[in-house]
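The values are calculated or read from the model by the stated rules, or taken from the named source; none is laboratory data. This is a predicted model, so every value here is computed, not measured. With ideal geometry, Cβ positions are generated from the backbone for all residues, glycine too; neighbour counts draw on all protein chains shown.
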Amino acid sequence: MNIPAAVGLAVILTLTGCGSDKAPVAQQPPASAAPASSAPGAAPAAAEGELIGAKGSACPMPLSFRAAAGWKPSAVDVKSLGELAALAKIGDFTVVCEIDAKPAGSIGFIRVHVAKGLSGLPREHLASFVKADGKGKEVSGAVYSDVQIGGGQAAEVTWEVYSAVAEQRTRYTAFALNTGDGAVVVRLAPFDEGEHAGMLPAYELAKQTVKAA
């Protein structure tokens with residue numbers, strides 16, 4: 001079943017609990033802490049699908065990477081969202097592309113968020129992203145690490161969010177890096193906590209194949 005990008009964005013973000021009034025709590029452990037994606041017993045590597053991000057691809061972006069086989073990328077046109085446009089913004093970052101896992105059998109997305117002209121430390125980008133995304137939700141267990149992605153300095157974080165509105169807990173993983181056009185955050189956004197492990201190989205594939213556009 002194919003759901004338009006605007007609908008997918010609105011539904012997933014709404015169900016993660018935009019309406020709760022609880023303040024977020026975040027932790028920033030030492031840089032040496034390992035992200036959850038490196039844990040032993042991880043799922044097998046994802047098969048490569050189409051290249052996205054390059055000129056002429058489904059989502060022209062400041063970087064490119066391989067989507068997992070079966071995942072469907074779609075550019076997000078914020079202007080077309082109308083009254084829902086605010087759902088596409090997280091702090092300084094705006095969603096420009098989402099790669100839908102449903103055709104591959106999972107419920108969720110990998111989303112690419114861009115903050116044009118923003119520079120600074122990738123870890124700081126992630127900290128501000130998690131804080132902005134956690135507004136009105138319960139945020140816990142954030143584990144940050146400094147990493148190399150695409151041959152440059154980057155950062156990665158895994159964290160959990162509980163939505164009282166949806167009575168649902170979700171685990172997220174994301175990485176951030178700087179590009180010539182600004183800062184980019186690529187986030188694995190499963191529907192709920194149970195989807196995270198099965199979708200993680202697609203996220204790892206994206207991270208391992210990143211190149212400057």
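Against the condition within 12 Å of the chain's Cα centre (by Cα), in contact (Cβ under 8 Å) with a residue 12 or more places away in the chain and not in a loop (DSSP other than H, G, I, E, B), how does ALA197 come out, does it pass? No.
Just to be sure before I move on: is GLU167 at pLDDT below 95, in contact with a Pro (Cβ under 8 Å, 6 or more places away or on another chain) and surrounded by fewer than 18 Cβ atoms within 10 Å (Cβ to Cβ) in the structure I sent? Considered against the rule, which asks whether it is at pLDDT below 95, in contact with a Pro (Cβ under 8 Å, 6 or more places away or on another chain) and surrounded by fewer than 18 Cβ atoms within 10 Å (Cβ to Cβ), GLU167 comes out as no. Screening ALA183 against (1) surrounded by 24 or more Cβ atoms within 10 Å (Cβ to Cβ); (2) within 18 Å of ILE107 (Cα to Cα); (3) of a type in the set (A, V, I, L, M, F, W, C) leaves a single unmet condition, (2). Of the residues that sit in region 118-132 and are surrounded by 14 or more Cβ atoms within 10 Å (Cβ to Cβ) and small (Gly, Ala, Ser), which one is farthest from ALA155 (Cα to Cα)? Taking the candidates together, the pick is ALA132.
The number of residues in region 143-157 being surrounded by fewer than 23 Cβ atoms within 10 Å (Cβ to Cβ) and out of contact with any Lys or Arg (no Cβ under 7 Å at 6 or more places or on another chain) comes to 7. The set of residues from region 79-98 being loosely packed, with under 14 Cβ neighbours inside 10 Å and either among the charged types (D, E, K, R) or free of Cβ contacts under 8 Å to residues at least 40 places away in the same chain (or both) comprises LYS79, GLY82, GLU83, ALA86. From the list GLN148, GLN168, the one residue that fits, being free of Cβ contacts under 8 Å to residues at least 24 places away in the same chain and over 19 Å from LEU51 (Cβ atoms), is GLN148. Please specify each residue of region 171-213 satisfying the condition of being farther than 21 Å from LEU51 by Cα and among the hydrophobic types (A, V, I, L, M, F, W, C). If the condition is that a residue be farther than 21 Å from LEU51 by Cα and among the hydrophobic types (A, V, I, L, M, F, W, C), then PHE191, ALA197 are the ones that fit.
Among the residues of region 49-71, the ones that are of a type in the set (Lys, Arg) and surrounded by fewer than 21 Cβ atoms within 10 Å (Cβ to Cβ) come to 1 in all.
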